[in-house]
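Shown next, in C-alpha cells, is the structure this report addresses.
The values are calculated or read from the model by the stated rules, or taken from the named source; none is laboratory data. For clarity, every value in this text was computed on a predicted model and none was experimentally measured. Quick reminder, even Gly has a Cβ in these numbers, built from the backbone with ideal geometry, and neighbours come from all protein chains shown.
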C-alpha cells in the first residue's frame with residue numbers, strides 16, 4: 001500500500017527541534033518593507049550581526065509559512081557573520097498582495113534579491129535558504145537570473161506538477177489540507193495539525209465515493225486554486241510555466257547544493273531539478289552542483305533525526321545542517337574552504353552499515369542492475385504466504401497472475417485509519433490485510449550481504465479489461481527474521497503509461513508493457529538471508545485520488561462511474577515481466593565519520 005508518509009510528506013519546513021542559535025549578539029529589525037515592481041510591498045524580519053560596520057553577504061528565506069518560523073535560523077546565521085532576511089511571500093503574513101501558490105515567487109524572488117543587493121548592510125552577494133516550498137522558490141527565483149544571486153541551496157524542493165499537488169498525475173486529498181494551512185494571512189497551524197480531523201475528512205470522501213473535485217466544498221473551504229489544479233491533471237504548459245525551461249537552466253552558472261532524503265516526499269521534485277540542471281546547465285555549473293541524499297524524511301532534510309517511522313539511523317546521518325549551510329556559504333560567498341563533507345559531487349547515505357559514500361554522479365552510484373523475473377505456480381501470487389517468485393536469470397515458464405479491483409470496495413478504510421503505530425516503515429499489516437486483492441512476489445534468500453543503491457525499475461506485461469485503472473507498486477526488504485522494511489514505491493495511471501504529458505486509454509483485453517520507472521531513490525545493505533518483496537496492486541486509499549476505471553474525467557468520477565477491473569500480469573518468454581534491482585558500486589569510496 002502506498003504510504004502517505006513516504007510519498008506525500010508535508011510541504012512544511014521543520015519548525016521544531018531546530019538547534020539553538022549561538023549566543024553572539026544579533027541586531028533585529030522587524031517590519032522591513034521590500035517594494036516589488038508592481039508596487040506591492042513584502043515584509044521581512046532582518047537579522048544582522050550586532051554592530052555590523054561593513055556590507056556582508058545576505059541570506060534570503062522566502063516563505064508562505066510566516067517569517068517568524070525561521071527565527072532560530074536567522075539568529076544562527078546572523079551570529080555567524082551573515083545578514084538573514086526572512087520574508088513573507090506575497091499575500092501571506094504581513095506582506096501585501098494576494099497569495100497564489102507557486103505562481104508569484106519567480107518575479108518576486110528576483111525583485112527581493114536585487115533590492116537586498118542595494119542595501120548598505122549587503123555587499124551585493126545574495127544566497128537563499130529553505131526547504132520544501134522554500135526549496136522550490138530558490139529554483140523559481142534562479143530561473144529569473146537576478147544579477148546578484150550568487151548561489152542557492154534548495155532542500156527537499158517540491159516541483160509543481162511532478163510531486164505536488166499530484167504524483168505522476170495522481171492527486172492527493174492532502175492538497176486541501178495544505179491549501180487550508182495557507183489560507184488567509186495567518187498560519188492555520190492548529191487546524192492543519194489535527195490529524196484525526198483530516199483523516200476523518202478524507203475517509204468520508206473516500207467512503208461516500210464523492211467526486212474528488214468536491215473535496216474543497218466538503219471540508220468547508222471552497223478553493224479556486226484547488227479547482228484550477230484539479231482541472232490540470234497532465235504535466236504540460238500549466239505546470240511548465242512554474243519551473244525553469246531548458247534555456248533558463250543553461251543560464252544557471254553559479255554553485256548549487258541540492259539536498260534531499262530517501263524518505264523525503266519531495267525527493268522526486270528535488271532530483272528532477274537536479275537532473276534537469278545537469279542535463280541543460282553549462283559544464284562549469286554542473287561541476288559545481290553538489291547533491292546530498294540522506295536517509296531522512298521531508299522535515300529531516302532540515303533537521304536530521306535519529307529515527308523516522310520506526311527506522312533508526314546511525315549518528316553520522318545527523319548532520320548539523322546549519323553548519324553545513326554556513327560552510328557552503330563561506331566557500332561560495334567568502335572565498336573560504338570547500339566544505340569538508342563534500343568529498344565528491346554526490347554524497348549518499350547507506351543504511352545498514354550507516355555510512356556516507358560518494359560518487360561522481362547520480363548515475364555512478366549504481367554499478368549494475370540485477371534482473372528478477374516474475375513467476376508463479378498456477379497463478380498463485382495473491383498473498384504474502386502464497387506468493388509468486390522473483391527469479392534470477394530469465395523467464396522460464398508460461399503463466400499469469402491476476403487480481404480483481406472493485407473501486408466501490410472500502411472495506412479496509414477503518415483499518416487504514418487506525419494505523420497510527422509510529423513505525424510505518426516497519427509495519428506490514430496493510431500488506432497482510434490485502435490478501436487476495438494484490439500480487440506479491442519474493443526473491444529467494446540472498447546468499448550474501450548485498451548493497452543496493454539507486455532506483456528500482458519494474459517492467460510488467462499487463463492486460464486490463466477496462467479502459468483505465470491506477471497501479472501502486474511497493475518494494476520491501478524482508479529480514480531473515482521475517483520483519484519488513486518499506487524501501488520504495490511507484491504509482492502509475494494506465495492512461496499515462498506512455499507519458500505523463502498525454503492521456504491514452506488502454507484497450508480492454510490488449511496486452512501491453514507498463515514500465516514503472518519513477519521509484520524513489522534508496523541505498524541500503526540487505527544482509528545475507530534477506531529477501532525482496534514486490535507488491536503490485538490498485539490505488540485504493542483515502543490518501544490518494546480514486547480512479548473509478550471508467551476512462552472518464554477522474555476528478556469528476558463517483559460511484560455511478562465505477563467499473564470493476566480484472567488486472568492480469570503475464571510472465572513468460574514472450575512477456576518477461578521483471579523487477580530490476582540497483583546494485584551499489586564497489587566501496588572504493590570515502591566514508592565520513594561522525595564529526596559532531
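Residue count for the stretch 324-345 satisfying the condition of being in a loop (DSSP other than H, G, I, E, B) and either under 27 Å from residue 363 (Cβ atoms) or touching a helix residue (DSSP H, G or I) at 6+ places or on another chain (Cβ under 9 Å) (or both): 10.
Of all residues in the stretch 254-267, at least one satisfies being over 18 Å from the mean Cα position of the chain (by Cα), surrounded by fewer than 23 Cβ atoms within 10 Å (Cβ to Cβ) and at pLDDT 95 or above. With the structure loaded, tell me whether residue 179 is under 23 Å from the mean Cα position of the chain (by Cα) and assigned to a loop (DSSP other than H, G, I, E, B) or whether it fails that test. Judged against the criteria, residue 179 is not a match.
Being in a helix (DSSP H, G or I), outside the structural domain of residue 104 (by TED's automatic domain parsing) and touching a residue at least 40 places away in the same chain (Cβ under 8 Å): is that true of residue 273 here? Here the answer is no, as residue 273 does not meet what is asked. Testing residue 168 on (1) surrounded by fewer than 21 Cβ atoms within 10 Å (Cβ to Cβ); (2) out of contact with any strand residue (DSSP E or B) (no Cβ under 6 Å at 6 or more places or on another chain), one condition comes back false. Which one is that? All conditions are met except number (2).
Can you confirm whether residue 579 is within 22 Å of residue 379 (Cβ to Cβ) and modelled with pLDDT of 95 or more? In short, yes.
Being surrounded by 23 or more Cβ atoms within 10 Å (Cβ to Cβ), in a loop (DSSP other than H, G, I, E, B) and in contact (Cβ under 8 Å) with a residue 24 or more places away in the chain, is that true of even one residue in the stretch 106-128? Checked against the condition, which is being surrounded by 23 or more Cβ atoms within 10 Å (Cβ to Cβ), in a loop (DSSP other than H, G, I, E, B) and in contact (Cβ under 8 Å) with a residue 24 or more places away in the chain, the stretch 106-128 yields no hits at all. Can you report the number of residues in the stretch 447-482 which are over 21 Å from residue 567 (Cβ atoms) and either in contact with a strand residue (DSSP E or B) (Cβ under 9 Å, 6 or more places away or on another chain) or assigned to a strand (DSSP E or B) (or both)? Count: 11. Selection within the stretch 311-320: residues that are part of a helix (DSSP H, G or I) and touching a residue at least 60 places away in the same chain (Cβ under 8 Å). The member of this set that is surrounded by the most Cβ atoms within 10 Å (Cβ to Cβ) is 316. Here residue 514 meets each of (1) under 24 Å from the mean Cα position of the chain (by Cα); (2) part of a helix (DSSP H, G or I) with one exception, condition (2).
Against the definition (assigned to a strand (DSSP E or B) and under 23 Å from residue 509 (Cβ atoms)), how does residue 370 come out, yes or no? Here the answer is no, as residue 370 does not meet what is asked. Residues of the stretch 69-105 that are surrounded by fewer than 18 Cβ atoms within 10 Å (Cβ to Cβ) and modelled with pLDDT under 95: none at all. Checking each residue of the stretch 493-503 against the condition of being touching a strand residue (DSSP E or B) at 6+ places or on another chain (Cβ under 9 Å) and in a strand (DSSP E or B) gives at least one match.
Close Cβ contacts (under 7 Å, 6 or more residues apart or on different chains) running from residues in the stretch 21-37 that are over 14 Å from residue 82 (Cβ atoms) to residues that are modelled with pLDDT of 95 or more and loosely packed, with under 13 Cβ neighbours inside 10 Å comprise 25/50.
Restricting 416, 383, 449 to residues that are modelled with pLDDT of 95 or more and either closer than 30 Å to residue 297 by Cα or out of contact with any helix residue (DSSP H, G or I) (no Cβ under 7 Å at 6 or more places or on another chain) (or both) narrows the list to 449. State whether the residues of the stretch 425-436 include one that is crowded, with 22+ Cβ neighbours inside 10 Å and either touching a helix residue (DSSP H, G or I) at 6+ places or on another chain (Cβ under 6 Å) or more than 22 Å from residue 167 (Cβ to Cβ) (or both). Among the residues of the stretch 425-436, not one is crowded, with 22+ Cβ neighbours inside 10 Å and either touching a helix residue (DSSP H, G or I) at 6+ places or on another chain (Cβ under 6 Å) or more than 22 Å from residue 167 (Cβ to Cβ) (or both), which makes the answer no. Residues in the stretch 60-79 that are assigned to a loop (DSSP other than H, G, I, E, B) and touching a strand residue (DSSP E or B) at 6+ places or on another chain (Cβ under 8 Å) were compared, and the one that is farthest from residue 178 (Cα to Cα) is 66.
Just wondering, is there one or more residues in the stretch 230-237 that are free of Cβ contacts under 8 Å to residues at least 40 places away in the same chain and within 30 Å of residue 285 (Cβ to Cβ)? Checking the stretch 230-237: at least one residue is free of Cβ contacts under 8 Å to residues at least 40 places away in the same chain and within 30 Å of residue 285 (Cβ to Cβ).
If only residues of the stretch 582-596 that are at pLDDT 50 or above and part of a loop (DSSP other than H, G, I, E, B) are counted, the one that is surrounded by the fewest Cβ atoms within 10 Å (Cβ to Cβ) is 586. Sort out which residues of the stretch 494-517 are surrounded by 15 or more Cβ atoms within 10 Å (Cβ to Cβ) and closer than 17 Å to residue 371 by Cα, and write them in order of number. Listed by number, the residues that qualify are 514, 516.
Residues are listed down the side, and each one gets a yes or a no for (1) farther than 21 Å from residue 325 by Cα; (2) crowded, with 24+ Cβ neighbours inside 10 Å; (3) assigned by TED's automatic domain parsing to the domain that holds residue 263:
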residue: 131; (1), (2), (3): no, yes, yes
residue: 137; (1), (2), (3): no, yes, yes
residue: 141; (1), (2), (3): no, yes, yes
residue: 148; (1), (2), (3): no, no, yes
residue: 174; (1), (2), (3): yes, no, no
residue: 179; (1), (2), (3): yes, no, no
